[in-house]
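Enquirer: Sharing a structure here in structure tokens format.
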Amino acid sequence: MMANESKWYSFRRRSNNSSCDPYDSLATRQNSPNNMDHLLLDGFSSVWTNGTTVVLSQMPQAAPTSAPLLQPSTSLLLTMSNTIQSAPIKNSLMVKKQENLKNENEVRDSIIAGSIAGMTSIVLFHPFDVIRTKMQTTTTLKAVETTTAASKQIGATILSASAPKNGISSSSGPIAVFSHTIKNGGIRAFYTGFSFPLAAQAAYKSTVFTVNRMSQNAVVDFKTRELWKTGTFTPYQLKPVDHFVCGFVSGAVNALVFVSPVEYVRNQLIAQHTNIAQGTNLKNAVMNGPVDVIRTTLKSKGILGLWRGAGVTFVRDSFGCGAFFVLFELGKKKLPSVTGIDPESRLNTIGSGMMAGLGYWMASLPLDSLKTLVQTGQATSAWSTVSFLVNRDGIFGAYSQLYRGWQLAFGRGAPSAAVTLTTYSAVYHFCDTRLA
């Protein structure tokens, strides 16, 4: 290519999911096109694209003096975007600048969308969390002396089904807990411990979605470059195991940094509401809100007291978020072929979100019950609780105990995830297209 010669390359947009001959998407022109849907690339000896990724190669003898300086026999791997395709770009530095801006905007948009999605979800579904937590705290964690002859023969212990006066017990179902809650505080009682989780949602969901998105980008970038080394220039497509790992990482980070202390404070207030309604003597003075809980905990247990149950919270959210994102991606791909709905429609997002919510709670509900028991002080550790329940009630009995409140978990999980993911998608799209 001569030093004063420029070539315009026309690229056909192609989705990441398509496979193609890498050369059929490339056309060259000697003169400037009439429209701006092309790239001007000076000084490169070869150009390759699959419609999504552009590879520019420059050999020493082909580089004009005015071309960007590259090391001999090196290449640039560029990810195309609307910004890159909308105007001629004369050198690789401009492309890199556009990509840096895109990455910065991606993080910003994810944080904004995640925050709004999280707050929307908790405003609508916090009452479900209150009832579920109350049911979980009624799990009996002590041996009962009275057993029947039949129970002795099978080695099972009969749990007391009698509820304390004006209270709830391990036999109380969702309706009984609902009635108990509304009788002892009205509608406001369903938002016990609400303020702290609401304020934390900006950190909660933005962390989960942003870390997940960044993890996915890192995996795609790394594995695409590995494929490139072998001569395969098709961008790497994430597999279910990749979605699980990225979700696992996002859930783990969120659990250790934000979720553990926030849910500890929330559960302390919910358990206190139940104890006051039942006339149970409190170990400490009445805690009026999150600030009192934090102050009391710091005074008696130190700052690590706020992270009580962090281990089981870590396991719950890492596996739960892994299942969440795997089922969401599977739903987006499989639901259209089963139902015939448009893959890009809002309805597909809602359906996939409901699958994701069910997946999260199927994986994490027993762990959530253990976390509640540990954080409210009814159990010393998750492992000792599991051992006790299995020895006392058998595997199936322990399983039943740890799935208390499943009606609320699944009843909340599916619509909550649908609301969260739909809101996130809509807000992210708005930020991506409307914010500079």
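Enquirer: Quick check on my filter: what residues within the stretch 179-190 are assigned to a helix (DSSP H, G or I) and either outside the structural domain of P290 (by TED's automatic domain parsing) or surrounded by fewer than 17 Cβ atoms within 10 Å (Cβ to Cβ) (or both)?
Expert: Applying the first criterion (assigned to a helix (DSSP H, G or I)) to the stretch 179-190 yields 179-183, 186-190.
The answer is S179, I182, K183, G186, I187, R188.
Enquirer: Let me ask something additional. If you scan the stretch 222-235, which residues turn out to be over 30 Å from A356 (Cβ atoms) and surrounded by 11 or more Cβ atoms within 10 Å (Cβ to Cβ)?
Expert: W228, T232, F233
Enquirer: Sticking with this one: What are the pairs, 6+ residues apart or on separate chains, where a residue within the stretch 377-391 that is in the same structural domain as T297 (by TED's automatic domain parsing) and within 24 Å of L282 (Cα to Cα) has its Cβ under 7 Å from a residue that is surrounded by 21 or more Cβ atoms within 10 Å (Cβ to Cβ) and at pLDDT 90 or above?
Expert: The qualifying pairs are A379/L373; A379/T385; S381/V374; A382/V312; A382/L370; A382/V374; T385/L370; T385/L373.
Enquirer: Do we have Q272 as free of Cβ contacts under 8 Å to residues at least 24 places away in the same chain and within 19 Å of R132 (Cβ to Cβ) here?
Expert: Answer is yes for this residue.
Enquirer: Looking only at the stretch 334-350, which residues are assigned to a helix (DSSP H, G or I) and free of Cβ contacts under 8 Å to residues at least 24 places away in the same chain?
Expert: If the condition is that a residue be assigned to a helix (DSSP H, G or I) and free of Cβ contacts under 8 Å to residues at least 24 places away in the same chain, then K334, L335, P336, S337, V338, T339, L347, N348 are the ones that fit.
Enquirer: Can you tell me which residue is surrounded by the most Cβ atoms within 10 Å (Cβ to Cβ) among those in the stretch 236-276 that are outside any helix (DSSP H, G or I) and over 18 Å from the mean Cα position of the chain (by Cα)?
Expert: Filtering first and then ranking leaves Y236.
Enquirer: Against the conditions (1) on the phi < 0 side of the Ramachandran plot; (2) surrounded by fewer than 13 Cβ atoms within 10 Å (Cβ to Cβ); (3) modelled with pLDDT of 80 or more, where does V130 fall short? Just the number, please.
Expert: (2)
Enquirer: Could we say that D368 is within 22 Å of A255 (Cβ to Cβ) and either modelled with pLDDT of 90 or more or surrounded by fewer than 20 Cβ atoms within 10 Å (Cβ to Cβ) (or both) here?
Expert: yes
Enquirer: Enumerate the pairs (first residue in the stretch 212-237 and under 27 Å from D109 (Cα atoms) and in contact (Cβ under 8 Å) with a residue 12 or more places away in the chain; second residue anywhere and of a type in the set (A, V, I, L, M) and not in a helix (DSSP H, G or I)) with beta-carbon separation below 8 Å, excluding pairs fewer than 6 apart on the same chain, so at least 6 apart or on different chains.
Expert: So the pair list comes out as Q216/L238; V219/L238; V220/L238; T224/L77; R225/L77.
Enquirer: Looking only at residues in the stretch 328-341 that are farther than 15 Å from T422 by Cα and of a type outside the set (V, I, T), which one is modelled with the lowest pLDDT?
Expert: Filtering the stretch 328-341 for residues farther than 15 Å from T422 by Cα gives 330, 333-341.
Keeping just the survivors that are of a type outside the set (V, I, T) gives 330, 333-337, 340.
Details: L330: 94, K333: 91, K334: 91, L335: 92, P336: 92, S337: 89, G340: 86.
In this case the residue turns out to be G340.
Enquirer: With respect to T422, determine if the residue is in contact with a Ser or Thr (Cβ under 6 Å, 6 or more places away or on another chain) and either surrounded by fewer than 22 Cβ atoms within 10 Å (Cβ to Cβ) or not in a helix (DSSP H, G or I) (or both).
Expert: So T422 passes the test.
Enquirer: If you don't mind, there's one more thing I want to ask. So if I check each of F244, F196, which one is modelled with pLDDT of 95 or more and either under 30 Å from P127 (Cα atoms) or touching an Asp or Glu at 6+ places or on another chain (Cβ under 7 Å) (or both)?
Expert: The conditions single out F244.
Enquirer: Now a separate question. Given the conditions (1) touching a residue at least 12 places away in the same chain (Cβ under 8 Å); (2) more than 25 Å from Y264 (Cα to Cα); (3) among the hydrophobic types (A, V, I, L, M, F, W, C), and given that F396 satisfies all but one, which numbered condition is not satisfied?
Expert: (1)
Enquirer: Check the stretch 347-357 and report whether any residue there is surrounded by 17 or more Cβ atoms within 10 Å (Cβ to Cβ) and farther than 28 Å from Q237 by Cα. Let's see the steps before the verdict.
Expert: Of the residues in the stretch 347-357, the ones surrounded by 17 or more Cβ atoms within 10 Å (Cβ to Cβ) are 348-357.
Filter once more, so that each one left must be farther than 28 Å from Q237 by Cα: none.
Within the stretch 347-357, not a single residue is surrounded by 17 or more Cβ atoms within 10 Å (Cβ to Cβ) and farther than 28 Å from Q237 by Cα.
Enquirer: Give the residue, chosen from G340, G302, G322, G351, that is under 18 Å from the mean Cα position of the chain (by Cα) and over 20 Å from V253 (Cα atoms).
Expert: G351
The values are calculated or read from the model by the stated rules, or taken from the named source; none is laboratory data. In this text the structure is predicted, and so the values were computed from the model without any measurement. FYI the Cβ positions are ideal-geometry reconstructions off the backbone, even for glycines, and counts take in every protein chain you see.
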